[in-house]
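K.L.:
For reference, the structure I am asking about is given below.
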Amino acid sequence: MKPNSTPENHLSSLAGKLAGLLYSLCSYLLFLLTALYLIGFLSGLGVPKDINSGQGLSWPLAVIVDALLITLFAVQHSGMARQPFKRWWTTHIPAPIERATYVLSTCLVLILLFWLWQPIATPIWSVTSTWGHGLLMAVFWLGCLVVVLSTFLISHFELLGITQALSAWRSARPDSPTFKTPLLYKLVRHPLYLGFLIVFWATPDMTVGHLMFALLNTIYILIGAYLEEKDLVALFGERYQRYQQNVAMLVPLIKRKPGRKKGA
Ligand SMILES: C[S@@+](CC[C@H](N)C(=O)[O-])C[C@H]1O[C@@H](n2cnc3c(N)ncnc32)[C@H](O)[C@@H]1O
């Protein structure tokens, strides 16, 4: 038996590294398609089934199904991002494909959500004027832009698991995480999440189903950002605590009150 056979070493052979790289690229490709579908799902543009289409279940059942789908997404997406889970998970799968597996799992849960989502088409607001409709769609696309830009500001390919598989391919040690505050990160600590909030809420046709999607995901983002910040304080220490004091969490210019416990 080989002396060292931890999952990490499964990528030490050429075949293992190649398989890891292909796996990560496939997961990235699926991510791109899922992200495009999400845009269509929320905007109603270019997809066979959007957030309001189809004949759903009766509204009490629809509320239960939709809430369960969003809860499943929240548990998967936040649970798999926590350090204790990652430590346990990488004793079962090779570390260089941990992030790609996270991305793949996220896509599969989102695809399930698109598939099983139950519309509740009762209107909350409907903006019919051309300029109002155009303005809200412009805000929606701005939100999409903020999300994409934010991934590149942090590290697009690392967030999506490509860098880790490439490092294994080159037999290089993966870079340790670095604290960054470029551009939008000087305005708010979570520009990517802010972009998502804009995308969820900016619609000319808000229905009960869409409102539920926006509301539950807003709650999830607030909890997710809180948990992420605990990890970031543990990782970057005082530097992140100073950042929390000086830069707003999600809404530019709304900062933490001085004197509040750091990293809480
Ligand atoms: C999906 S990204 C979201 C980033 C951020 N919450 C946002 O909304 O822009 C999550 C990853 O970004 C990392 N991250 C968040 N803020 C960071 C920062 N200022 N510098 C470096 N990494 C950061 C976290 O450790 C986590 O791995």
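K.L.:
Give me the distance in nm between label points sitting 7 Å out from Cα along the Cα-to-Cβ direction at Leu253 and Ser12, one decimal.
P.N.:
5.8
K.L.:
If I build a Gaussian network model for the chain, linking alpha-carbon pairs within less than 10 angstrom, which residue out of Leu57, Leu42, Leu211 has the largest mean-square fluctuation?
P.N.:
Greatest mean-square fluctuation among the candidates belongs to Leu57.
K.L.:
Now a separate question. Rank the residues Ile221, Ile39 as a footprinting-exposure proxy: fewest other Cβ atoms within 10 Å of their Cβ go first.
P.N.:
Numbers: Ile221 20, Ile39 17.
With the fewest neighbours first, Ile221, Ile39 line up as Ile39, Ile221.
K.L.:
In a Gaussian network model over the chain where Cα atoms closer than 10 Å are linked, find which of Glu98, Glu229, Glu238 has the largest mean-square fluctuation.
P.N.:
Greatest mean-square fluctuation among the candidates belongs to Glu238.
K.L.:
While we're looking at this one, here's another question. For a test of the definition: using alpha carbon positions, the gyration tensor, and the 1.5 limit on a/c, classify segment 157-205 as rounded, prolate or oblate. Please report the intermediate quantities before stating the final value.
P.N.:
Working: a/c = 5.58, a/b = 2.03, b/c = 2.75.
Verdict is oblate for segment 157-205.
K.L.:
Something else: For Arg82 and Ser126, what is the calculated FRET efficiency with R₀ set at 41 Å and r taken between the beta-carbons, to the nearest 0.05? Don't skip to the answer; put the middle values down first.
P.N.:
Details: r = 40 Å, r/R0 = 0.98.
Efficiency, from the Cβ-Cβ distance: 0.55.
K.L.:
Can you compute the charge dipole magnitude of the chain about its Cα centre, using +1 on each Lys and Arg Cβ and -1 on each Asp and Glu Cβ, nothing else charged? Give it in debye, rounded to the nearest 20.
P.N.:
Details: 21 positive and 11 negative charges, 227 e Å.
With only Lys, Arg, Asp and Glu charged at Cβ, the dipole is about 1100 debye.
K.L.:
Principal axis lengths of segment 7-246 from Cα atoms, whole Å, largest first?
P.N.:
57, 41, 29
K.L.:
Moving on to the next point. I need to check one value: relative contact order of the chain, counting alpha carbon pairs closer than 8 Å and at least 6 residues apart, in percent. Don't skip to the end; give the middle numbers.
P.N.:
Numbers: 313 pairs, mean separation 62.7, N = 264.
The value is 24 percent.
Computed from the coordinates by the stated procedures, all read-outs in this text should not be read as laboratory data. Nothing here was measured: the structure is a model prediction, and the numbers come from that model. No Cβ is skipped: glycine too gets one built from the backbone with ideal geometry, and neighbour counts run over all protein chains shown.
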